[in-house]
Each structure stands twice: as C-alpha cells, then as structure tokens.
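K.L.:
My structure is below; once you've seen it, I'll send some questions.
The values are calculated or read from the model by the stated rules, or taken from the named source; none is laboratory data. Since the model is a prediction, treat every value here as computed from it, not as a measurement. Note: ideal-geometry Cβ built from the backbone for every residue, glycine included; neighbour counts use all protein chains shown.
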Amino acid sequence: MLNYIWAGIMLISIITSFFTGRTEEVSAAAMSGAADGITFILELAGIMCFWTGIMAIAERGKLTGVFARILRPVTKLLFPNIAPKSPAMNAIVMNMTANMLGMSNAATPLGLTAMSELDKLNKKSKTASNAMCMFVVINTASIQIIPATIIALRRGAGSAVPAEIVVPVWIASIATLAVGITAAKILERRRI
C-alpha cells in the first residue's frame, strides 16, 4: 500500500511540475534529495557500526552480567517467567542497555535476537506471549539516558546545540515507558 502512496505522490509531483513549467526544479530536487539520502544513510551506518561494536565488546567482556545484575530487580518484575541467566534474558538486558544509552540502531539487532529467544520459550507459537508483548513495549518506549543517535543526527543537521534535547527525551521516554508497562501489565491479566 505504501508503495502506491509514494508512487502517487511522485506521479502527481511530476505532472504538476510539467503543467507549472518547473520540471527542471523537480529534477534538481530529486537529485539533491537522493544525494542527501545517501549521505544520511552513510552517517547512520557509521553510528550503527560503532555502537554495535561497542555492544559486542561489552558482551564479550562479560559486561552483560554486570548489566543483568543491575537490571535484575526490574527484569524480575517485568519478566517473571524467564530465567535470569537464560539467553532470552541476556538478549533483553543487552537490548535495554543499548536503548538506555541511546543506541537505537544498534539495539535493533539485539531486539531481534531477544524476540527470537522469547519465541523459543513461547508455548503458543501462533500467539505472542506476555513476555514478548512486554518486550515490545520496553523496546519501543525505552528510557534513553544518553540519546546518542538523536544527538548525532542533530549535529549532522547543523544544530548549534545538539544535546539540548536530553531532558525532554528523558521526560518523554519515562512517561511513555510508564504508560506502556502499565497497559501491558493490565492487559496481561485479561483472559481471552
């Protein structure tokens, strides 16, 4: 569906530019936008590679255990049916850590690993378990102590003070996480 929407927008733009005599401007904007898109992708790829490497070093250096001990009281409440030393909990902790450090792009592969491990524990493979739903909530509305990716994007966009968004990010992420966890805990008690 989205392909049709984008194709429609492009077609309308081309037709409009033809009738308004601005085909050269549309062509120049398309080329400029494509070049900007490639530059943006390369910047994000660099950030993602850096943070993914940092998380791999942390995992190999057994920092996962340290993070797991720090987060154990929270993970015990949120995921009561998952063993603390299981591969699923390890992946969840690494994903939570990456998200807290603002490494949203590096957290994606860790989140996929966590969801895969949670799926292995799921008794009903056609239905998401409560742990899977809770993980999606935590991954989506995670607290970001250092929103590194957003700061890097703001710096790349030419912001004079790229880190000025830190406090609003804290407020927004704490509020959304609290609402998300509350909703997930209420809904997991319902019988279907």
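K.L.:
Just give me the residues in the stretch 27-71 being in contact (Cβ under 8 Å) with a residue 40 or more places away in the chain and of a type in the set (D, E), in sequence order.
P.N.:
Passing the criteria: only E43.
K.L.:
Out of curiosity, is E43 within 20 Å of the chain's Cα centre (by Cα) and surrounded by fewer than 16 Cβ atoms within 10 Å (Cβ to Cβ)?
P.N.:
Yes: the conditions hold for E43.
K.L.:
Additional query: Please enumerate the residues belonging to the stretch 97-133 that are among the small types (G, A, S) and either at pLDDT below 80 or buried (at least 17 other Cβ atoms within 10 Å of the Cβ) (or both).
P.N.:
A98, G102, S104, A106, A107, G111, A114, S125, S129, A131
K.L.:
Quick check: is even one residue across the stretch 25-40 under 21 Å from L110 (Cβ atoms), part of a helix (DSSP H, G or I), at pLDDT 80 or above and among the hydrophobic types (A, V, I, L, M, F, W, C)?
P.N.:
No: the stretch 25-40 contains no residue that is under 21 Å from L110 (Cβ atoms), part of a helix (DSSP H, G or I), at pLDDT 80 or above and among the hydrophobic types (A, V, I, L, M, F, W, C).
K.L.:
Tell me whether the stretch 141-154 contains one or more residues that are surrounded by fewer than 19 Cβ atoms within 10 Å (Cβ to Cβ), of a type in the set (S, T, N, Q) and either more than 25 Å from L44 (Cβ to Cβ) or under 12 Å from the mean Cα position of the chain (by Cα) (or both).
P.N.:
No: zero hits.
K.L.:
Name, by its number, the condition in (1) in contact with a helix residue (DSSP H, G or I) (Cβ under 8 Å, 6 or more places away or on another chain); (2) within 17 Å of L118 (Cα to Cα) that does not hold for P80.
P.N.:
All conditions pass for P80, except number (1).
K.L.:
Quick one: how many residues across the stretch 34-67 are closer than 17 Å to I151 by Cα and of a type in the set (A, V, I, L, M, F, W, C)?
P.N.:
Residues meeting the conditions: 10.
K.L.:
Just to be sure I understand, how many residues within the stretch 1-24 are surrounded by 13 or more Cβ atoms within 10 Å (Cβ to Cβ) and not in a helix (DSSP H, G or I)?
P.N.:
Residues in the stretch 1-24 being surrounded by 13 or more Cβ atoms within 10 Å (Cβ to Cβ) and not in a helix (DSSP H, G or I): 1 in total.
K.L.:
Would you point out the residue of the stretch 180-192, among those that are loosely packed, with under 13 Cβ neighbours inside 10 Å and of a type outside the set (A, V, I, L, M, F, W, C), that is modelled with the lowest pLDDT?
P.N.:
Here the residue is R191.
K.L.:
In addition: Out of the residues in the stretch 60-95 that are over 15 Å from G111 (Cβ atoms), of a type in the set (G, A, S) and surrounded by 13 or more Cβ atoms within 10 Å (Cβ to Cβ), which is modelled with the highest pLDDT?
P.N.:
Filtering the stretch 60-95 for residues that are over 15 Å from G111 (Cβ atoms), of a type in the set (G, A, S) and surrounded by 13 or more Cβ atoms within 10 Å (Cβ to Cβ), the one modelled with the highest pLDDT comes out as S86.
K.L.:
Going through the stretch 137-179 one residue at a time, which ones are in contact with a Ser or Thr (Cβ under 7 Å, 6 or more places away or on another chain), at pLDDT 85 or above and not hydrophobic (A, V, I, L, M, F, W, C)?
P.N.:
Result: S173, single match.
K.L.:
Tell me, please, whether a residue that is more than 25 Å from V169 (Cβ to Cβ) and in contact with a helix residue (DSSP H, G or I) (Cβ under 9 Å, 6 or more places away or on another chain) can be found in the stretch 89-105.
P.N.:
Checked against the condition, which is being more than 25 Å from V169 (Cβ to Cβ) and in contact with a helix residue (DSSP H, G or I) (Cβ under 9 Å, 6 or more places away or on another chain), the stretch 89-105 yields at least one hit.
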